[in-house]
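Report on the structure given below.
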Amino acid sequence: MEVMNVLLSEIKRSIKELELGFLGELTMSESMEALMIALYMDQVPDAWAKKSWPSMLPLSGWIKNFSDRLFQIEEWLLNPEEIPKVTWISGLVNPTSFLTAICQVTAQKNQWELD
C-alpha cells in the first residue's frame, strides 16, 4: 500500500506542477518538459516509473493496470479479515509478502505450526 501511496502522491504532485507551468505560475523546468513529452508520447514518465513496478506498457495501458491494482487493494480494505478467494498475483507490488501473510493467517486460523 505504501508504494501505491508514494506513487499517487508523485503523480498528483507532478501533474499539478505541470499545470502551474502551463498557467505561467511556474517556470517550466526540465522535469516538467520531460513529463509533458512523456504524456504526449503515451509513455510512462521516468519520475513515475522510478516509484512503480517494472512495466513495458504504454502510458494508457499502464494507467489501466494501475487502476486495476488500486481496485484490488480497495476491495481488500473493505474486508481486511477475509482472505481473497481469487488474487491477481502479478498485480501485487510485492507478491512474496502477500503469500507469506496468507500462510501465516491460514496457519493461525487452523492452529498449524509455521514451518
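The values are calculated or read from the model by the stated rules, or taken from the named source; none is laboratory data. A quick note: this is a predicted structure, and the numbers were derived from the prediction, not measured. No Cβ is skipped: glycine too gets one built from the backbone with ideal geometry, and neighbour counts run over all protein chains shown. These area figures cover heavy atoms from the full protein model, side chains too; ligands, DNA and RNA do not enter into them. Shrake-Rupley method; radii C 1.70, N 1.55, O 1.52, S 1.80 Å.
Remarks
- Solvent-accessible surface (1.4 Å probe) assigned to Lys51 amounts to roughly 80 Å².
- Cα-based helix-to-principal-axis angle, 59-78 vs the chain, degrees rounded to 10: 40 degrees
- Heavy-atom accessible area ranking, 1.4 Å probe, most first, across Leu78, Leu20: Leu78, Leu20
- Each of Leu8, Ser97, Leu20 was scored by the projection of its Cα onto the charge dipole of the chain, and the greatest displacement toward the positive side belongs to Ser97; charges sit on the C-beta of Lys, Arg, Asp and Glu.
- With DNA, RNA and ligands ignored, accessible area of Glu19 (1.4 Å probe; Å², nearest 10): 90 Å²
- Surface share of carbon and sulfur [accessible, 1.4 angstrom probe, percent] for the chain: 59 percent
- Nearest 10 degrees, 0 to 90: helix 95-110 Cα axis against the chain principal axis: 30 degrees
- To the nearest ten degrees, helix 2-22 and the longest principal axis of the Cα atoms of the chain are 10 degrees apart.
- In the context of the full set of protein chains, residues of the chain present 74 Å² of accessible surface per residue (probe radius 1.4 Å, heavy atoms only).
- Calculated Cα Rg over 2.2 N^0.38 Å (choose from (1) 3.70; (2) 1.15; (3) 1.39), label: (3)
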